[in-house]
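Okay, so here's the structure we're looking at.
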Amino acid sequence: MQLLVAILQSVVLVPLTLLPIINPLGNAPIFTAMAGGSASVGQTMARQVAINSWVILVASMLVGSYVLEIFGISLPIVRVGGGLLVAATGWRLLHAEDTDPVRVAVAGQAEELSARELAKRSFFPMSFPLTAGPGSIAASIALGTGTPSTSRDYLLGVIVAVLGPALTAVVIYVSYRYSTVLLNRLGDIGTVVMMRFVAFILLCIGLQMVWTGWTGLTMPLGPAP
């Protein structure tokens, strides 16, 4: 039972960490613009973007730590670096304005795209870098560094690395699929309040990751021989 609870906590931690960085509500207006107001195109794009994002996040969690090992980067350093990046992202979102150059550029090109071109762009730029961008990839690597090396625990880590991004992808799909409805329900003020609250949670998660990494760096290696 304790093991199951630990797995569930680890699985839930993944979307709690990644969703504030991905910020699907903030990307919802861009997605709506790229879909051109078409419900069928929007549904197809939302599904494909969710699948693409899941693949990117799972690959980052499972392979990222090995890539870091090749370059000789320790896990505590990754947690500190990833935590700083997450915290900086949260701080930036707390003071963000609706002037992101990438989003503005994508929104400006939306009217020039046909339905076929919109489907092709489900990966770029909607999946990457607007959804699963550098920030979420770095955070995924930091989360994946906790995967143990033993066979049994490694399998459990793989389960977490698959299910956590799956929950994240579901939220991404729902947010994009019903982006128009969400924006109308929240309104301008509600959207701003929601984004600021999520940004504060993201800042706290980033600081927690920094503290965990710093603890690993300063922890004694053991008694002297």
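Quick one: grab the alpha carbon gyration tensor of the stretch 2-215, order the square roots of its eigenvalues as a ≥ b ≥ c, and give me rounded if a/c is under 1.5, else prolate or oblate depending on whether a/b is larger than b/c. Prolate, because a/c is 1.5 or more and a/b exceeds b/c. Positive contributions from Lys and Arg (+1) and negative ones from Asp and Glu (-1), summed over other residues with Cβ under 14 Å from the Cβ of Val174, come out at +3. Taking Cβ atoms as reference points and 14 Å as the exclusive limit, the residues near Pro20 contribute a net charge of +2, counting Lys and Arg as +1 and Asp and Glu as -1.
Read-outs: derived from the displayed coordinates by stated rules, not from any lab. Source: prediction; values computed, not measured. A quick note on method: Cβ atoms are made from the backbone with ideal geometry, for glycine too, and the neighbour counts reach across all protein chains shown.
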